[in-house]
Number of protein chains: 2
Amino acid sequence: MPASAADHHSPTVPRRTPSRRRVGRPPSAVLDQGVITVAALDLISRKGYEGLTMAALARFLDVAPSALYNHVNSKMDVLLLLEDHLTARVDVSAFADRPWDEAVYAWAASYRDVFAQHTPLIPVIAVLPVTNAPQTLAMYEAVASGFRHAGFPDEKIIPSIVALESFIFGSAYDVTAPADIFDPGSMAPATPNFTSAVHSLKNEEHSRPADIAFTLGLDALIAGLSKLRRFS
Amino acid sequence: MPASAADHHSPTVPRRTPSRRRVGRPPSAVLDQGVITVAALDLISRKGYEGLTMAALARFLDVAPSALYNHVNSKMDVLLLLEDHLTARVDVSAFADRPWDEAVYAWAASYRDVFAQHTPLIPVIAVLPVTNAPQTLAMYEAVASGFRHAGFPDEKIIPSIVALESFIFGSAYDVTAPADIFDPGSMAPATPNFTSAVHSLKNEEHSRPADIAFTLGLDALIAGLSKLRRFS
DNA sequence: GGCACTAAATGAATGCCATTCATTTAGAGT
DNA sequence: ACTCTAAATGAATGGCATTCATTTAGTGCC
C-alpha cells in the first residue's frame, strides 16, 4: 500500500496514549459485556462507586465512552451486570450438605458480606426483575431447593426468602455505617434511655456492632422461620 | 426616592414569572430550612425523587438555585432534612401503652410504611450519624425506652433495634418491587424448585407479597428478640 | 467473489446537574 | 451613622450520561 498524500507521520511512531485506535470497527472486538463487567469491578475496587462513571470506565478500557453503548443500553445495565456477577460469589454450597438452619446461616452471612462491599447495588437488586440474571436465578434455585428439602411448604418458601433477604440487605448497609453513628451529641440529656443503651456498648469486645446485630437478628429469623416446616 | 435615570420601566408592571425578585437581600427572608424541607417533600410527591433537583427545588420556591446554598451546604443536606422530617411521622405511641411485642409490631409497620415511599433516603439514613437529627433521636429514645421497660438489658437494646431496622429498611424496598420481580422467564426449566415456589404464590389472596414476607419476618424477629428480656 | 448488511469503533455535541463566585441589597449590632 | 453579615441574583464551571453522524471491518448471501 503506497503512502497516501495525508500520511505525513512516520508510521513507526504510535499516537500518544489518548485515542491509540483509529476510527472504525477494529479487526477484533475490544469490548463485550464480560470485559465491561470485570473492568467495572476493578474500577470500583480502586476508586469506589463514586469513580464508576461511563467516562472512567471507557478510559479504563482504553475506549471512547460511546463505544460502551454498543454493549449496554445504559449505566443501569452495567450495574445489573455487576449484580449478577457478584451474586455468583454468594456461597450456597451449605444447602447441599448441611442442616437447613446451618445452611441458611452460612448463605445469609456470605450474601451480606458480598453486598456490604457493594451497597450501591442494593437499590438496584431489590427492585429489579430477576429475568436474564442467570447467576441470581441459580442462587435462588439453590436456596429454594434447600428450603423445600427442609420441609417448607411451597407457598412459604418465597416469603421466607424475601424476609431473609430484606434483613440481609439492611444488614449490609449496617456494615458500612460509621462507628459513631449513634452518638447523640448535644441531645444526650434529652434521650437518657437511648444514650445509656449506646454507652453500654462501648466495651463490647471482639465483634463489630454490626456483627452483633446481624447474628442476633439472623438467629431470631431462623428460629422463627423454622416453625413453618412440615417436620423439623 | 426619585426615579433613577436607569428606571425606564413603568413601576406598576411586574416582571414575567421568571425572576420576579430583584437582586440583593430581600426585605424579609424567603428561605429557611423548614420551607426548603416542605418544598422538597411537595416536589417529591408530584415528581418523585427523579424530579428532586436543586434547580427544580429552586424553581418551585421561586428562587435562584444558588440561593438554596445559603441554607444548606449540599443536596445531601436536603436529604438529611427530609429524613429527619419524615422520621417524625413514624408512630412510636404504642410503646407508651401497649405490651412490648405489640408496640414493636406497630412501630416497625409504621416505620416501613413511611420509608417505603422514600426508599432513596434509605442509603442516607443507614449510614449517617444521628447527631443533629432531633426527630430521629426522639424516635430512638422512645423505642429504647420501650425496650428497657420491657426488661431488655442495656447492651442488647441497640443491637436489637439495629436488627429490626435492618429488616425494616430491606422490607421498605420490597414494597416498591414490581409484581413480576421473581419471574424466571426463559430460565424456568433450569430452576424447578424456585419456579414451583413462585407459582404457588399466584393465588394468595388479600395481602401483597411484600406484606406476607414482612409479617412473617417481623413475627420471627419479635419472638426471637423477646427471649433476650430479663422477664417476659 | 463481489455486495449488501450489520457490528463496533471514534469523536463531536447535547442537555442536565450540583455547585461556586462575584455582586447587590437589606437588616442588625455597636 | 457605620460596619458587618445575611440573603438574594445571575453568570459560569466542570462533570455526567447519553446520542448521533461517521468510519471501518467482518459476515452471510447469491
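The values are calculated or read from the model by the stated rules, or taken from the named source; none is laboratory data. What you see is a predicted model, and the numbers here were worked out from it, not measured in a lab. Ideal geometry is used to build each Cβ from the backbone, glycine not excepted, and the neighbour counts take in all protein chains shown. Accessible surface areas use protein heavy atoms only, side chains included; no ligands, DNA or RNA. Shrake-Rupley method; radii C 1.70, N 1.55, O 1.52, S 1.80 Å.
Some observations on this one:
- Just one of (1) part of a loop (DSSP other than H, G, I, E, B); (2) within 16 Å of DNA strand D (Cβ to nearest atom) fails for A:D91. It is (2).
- Selection within segment B:174-193 - open to solvent by 50 Å² or more (accessible area, probe 1.4 Å), within 22 Å of B:A210 (Cβ to Cβ) and not hydrophobic (A, V, I, L, M, F, W, C): B:T176, B:D180, B:D183
- Scope segment B:98-126; condition under 16 Å from B:S160 (Cα atoms) and at pLDDT below 95; matching residues: B:A126
- Tally, over segment A:39-85, of residues that are within 29 Å of A:T176 (Cα to Cα) and in contact (Cβ under 8 Å) with a residue 40 or more places away in the chain: 13
- The listed residues are A:D32, A:D42, and the only one of them that is of a type in the set (D, E) and either within 26 Å of B:D174 (Cβ to Cβ) or more than 20 Å from the chain's Cα centre (by Cα) (or both) turns out to be A:D32.
- Residue that is within 12 Å of DNA strand D (Cβ to nearest atom) and open to solvent by 90 Å² or more (accessible area, probe 1.4 Å), where the choices are B:R20, B:R46: B:R20
- Filter pass, A:R230 being charged (D, E, K, R), more than 8 Å from every other protein chain (Cβ to nearest Cβ) and touching a residue at least 40 places away in the same chain (Cβ under 8 Å): yes
- Condition met for B:E102 (open to solvent by 70 Å² or more (accessible area, probe 1.4 Å) and either assigned to a helix (DSSP H, G or I) or within 16 Å of DNA strand C (Cβ to nearest atom) (or both)): yes
- Failed item, numbered, when A:A96 is tested on (1) away from chain B (no Cβ under 12 Å); (2) within 16 Å of DNA strand D (Cβ to nearest atom): (2)
- Across segment A:72-87, the number of residues qualifying as touching a helix residue (DSSP H, G or I) at 6+ places or on another chain (Cβ under 9 Å) and open to solvent by 60 Å² or more (accessible area, probe 1.4 Å) comes to 3.
- Among the residues listed as A:L79, A:L57, A:L31, A:L68, the single one being more than 21 Å from A:E141 (Cβ to Cβ) and more than 16 Å from DNA strand C (Cβ to nearest atom): A:L79
- Any hit, segment B:63-71, residues being in contact with a helix residue (DSSP H, G or I) (Cβ under 9 Å, 6 or more places away or on another chain) and under 28 Å from B:A210 (Cα atoms): no
- If you go through segment A:195-225 and keep only what is more than 25 Å from the chain's Cα centre (by Cα), of a type in the set (S, T, N, Q) and open to solvent by less than 80 Å² (accessible area, probe 1.4 Å), you end up with A:T195, A:S196, A:S200.
- Residues that are away from chain A (no Cβ under 14 Å) and within 10 Å of DNA strand C (Cβ to nearest atom), drawn from segment B:41-54: B:K47, B:G51, B:L52, B:T53, B:M54
- Only one of A:A67, A:A39, A:A109, A:A96 that is aliphatic (A, V, I, L, M) and open to solvent by 60 Å² or more (accessible area, probe 1.4 Å): A:A96
- Residues located in segment B:23-43, provided they are more than 8 Å from DNA strand D (Cβ to nearest atom) and under 20 Å from B:N73 (Cβ atoms): B:Q33, B:G34, B:V35, B:I36, B:T37, B:V38, B:A39, B:A40, B:L41, B:L43
- Close pairs from segment A:177-205: first at positive phi, partner open to solvent by 30 Å² or more (accessible area, probe 1.4 Å), Cβ under 7 Å, at least 6 apart: A:G185/B:T131; A:G185/B:N132
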